[in-house]
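First comes the structure, then the notes that go with it.
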Amino acid sequence: MESIGVLMACPMSSYLEQELDKRFKLFRFWNVPQKNEFLSQHADSIRAVVGNAFAGADAELINSLPKLEIVSSFSVGLDKIDLNKCKEKGIRVTNTPDVLTEDVADLAIGLMLAVLRRICECDRHVRKGLWKSGDFKLTSKFSGKSVGIIGLGRIGLAIAKRAEAFGCPISYYTRSEKPNTNYKYYPSVVELASNCQILVVACALTPETRHIVNREVMEALGSKGILINIGRGPHVDEKELVSALLEGRLGGAGLDVFENEPEVPEQLFGLENVVLLPHVGSGTEETRKAMADLVLGNLEAHFLNKPLLTPVV
Ligand code: 8YV
């Protein structure tokens, strides 16, 4: 397999890089200064692309790689891959489901606690030596708050399970009602937001779910409502989110993702009811290793003509 060209779209895991280097002919795309020249020179040897949540395989890249057979993504989200183009051209696609579910769900709960209990602000308070001048102000309880989840897939369900353990009533929105759950279903995101105190975005990013949290949804969530986003930045209309938070029309937000990562609206930096994370949902040693092993396993299976481990297309 050493002669098979694998194009890695951007840096994502040094372990994965190392292992790909051992097994294949690895090209690090981010190190290439003249991308077009490089592609015309190496297109005939590149049979796989490894992408992630930040860079994948769009139509332009796919079209420039006539020998491309598989796109193996170091992510569960597939929004950076042109799936239709892949289907059309018979290119296989794999992702990394399941192995990251627990970490992302854990982080969603962490964000709920951090926003409501002002954990980050408390920490800053202590570090600044302000404790000596008085107790920290009272915050808001998490246990028992109603949690509404947009998207009840693997991650949405794992968040629901965890929140249930905190005594939180769970409701959800998906395109159609799920048959095997007792959680309360709302057929619209606005209805869901009107009936919960914490709204969590946990669905896939598609053209239909872009800006699924818009001004109307934020108004419905209200000035005491908390928005948690562990999905993708473009799920939320970020301009509207910033003004809702600045004007006090929304109670707070815990955000692991942003519309133009790694750009984060600076107007949010001064707000203590907001917790900002640098897209670290799956970012533990254990999970990133498991994700890398899945990427490797899928590539090896493909080139050995075995069934893919986690096929999407
Ligand atoms: C990663 C992700 O942050 O799985 C996803 O969809 O967003 C993440 O797990 C990313 O792909 C890491 O490079």
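Condition check: assigned to a strand (DSSP E or B), hydrophobic (A, V, I, L, M, F, W, C), buried (at least 22 other Cβ atoms within 10 Å of the Cβ) and modelled with pLDDT of 95 or more. Does ALA105 satisfy that?
no
Among (1) crowded, with 16+ Cβ neighbours inside 10 Å; (2) free of Cβ contacts under 8 Å to residues at least 12 places away in the same chain, which single condition is ASP237 missing?
Exception for ASP237: condition (2).
Please specify each residue of region 187-207 satisfying the condition of being in contact (Cβ under 8 Å) with a residue 60 or more places away in the chain and part of a loop (DSSP other than H, G, I, E, B).
Once the filter is applied, which keeps residues that are in contact (Cβ under 8 Å) with a residue 60 or more places away in the chain and part of a loop (DSSP other than H, G, I, E, B), region 187-207 yields ALA202, ALA204, LEU205, THR206.
Note down all Cβ pairs under 6 Å where the first residue falls in region 68-82 and is among the aliphatic types (A, V, I, L, M), the second is surrounded by fewer than 21 Cβ atoms within 10 Å (Cβ to Cβ), and they're at least six residues apart or on different chains.
Cβ pairs passing all conditions: ILE70/ARG92; VAL76/PRO97.
Scan region 174-186 residue by residue and report those that are part of a loop (DSSP other than H, G, I, E, B) and either closer than 16 Å to ALA202 by Cα or in contact with a Phe, Trp or Tyr (Cβ under 7 Å, 6 or more places away or on another chain) (or both).
THR174, ARG175, SER176, GLU177, LYS178, TYR183, TYR186
Give ILE81, ILE70 a once-over and let me know the one that is of a type in the set (A, V, I, L, M, F, W, C), within 12 Å of the ligand (Cβ to nearest atom) and assigned by TED's automatic domain parsing to the domain that holds ASN298.
Result of the check over ILE81, ILE70: ILE81.
How many residues does region 287-307 hold that are surrounded by fewer than 18 Cβ atoms within 10 Å (Cβ to Cβ), basic (Lys, Arg) and either within 28 Å of THR139 (Cβ to Cβ) or within 14 Å of the ligand (Cβ to nearest atom) (or both)?
1
Can ILE46 be described as over 22 Å from PRO307 (Cβ atoms), among the hydrophobic types (A, V, I, L, M, F, W, C) and buried (at least 22 other Cβ atoms within 10 Å of the Cβ)?
So ILE46 fits the description; yes.
Given (1) crowded, with 17+ Cβ neighbours inside 10 Å; (2) on the phi > 0 side of the Ramachandran plot, identify the lone condition not met by ASP98.
Answer for ASP98: the failing condition is (1).
How many residues, within region 84-110, are within 16 Å of the ligand (Cβ to nearest atom), more than 14 Å from the chain's Cα centre (by Cα) and closer than 27 Å to SER146 by Cα?
Qualifying residue count for the region: 1.
So how many residues does region 256-286 have that are within 15 Å of the ligand (Cβ to nearest atom) and buried (at least 19 other Cβ atoms within 10 Å of the Cβ)?
6
Inspect region 1-15 for any residue being assigned to a helix (DSSP H, G or I), at pLDDT 95 or above and out of contact with any helix residue (DSSP H, G or I) (no Cβ under 7 Å at 6 or more places or on another chain) and give the result as yes or no.
Checking region 1-15: at least one residue is assigned to a helix (DSSP H, G or I), at pLDDT 95 or above and out of contact with any helix residue (DSSP H, G or I) (no Cβ under 7 Å at 6 or more places or on another chain).
State all residues of region 37-70 that are in a helix (DSSP H, G or I), at pLDDT 95 or above and not hydrophobic (A, V, I, L, M, F, W, C); if no residue qualifies, say none.
GLU37, GLN41, HIS42, GLU60, ASN63
The values are calculated or read from the model by the stated rules, or taken from the named source; none is laboratory data. As the structure is a prediction and not an experimental result, all values here were calculated from the model. With ideal geometry, Cβ positions are generated from the backbone for all residues, glycine too; neighbour counts draw on all protein chains shown.
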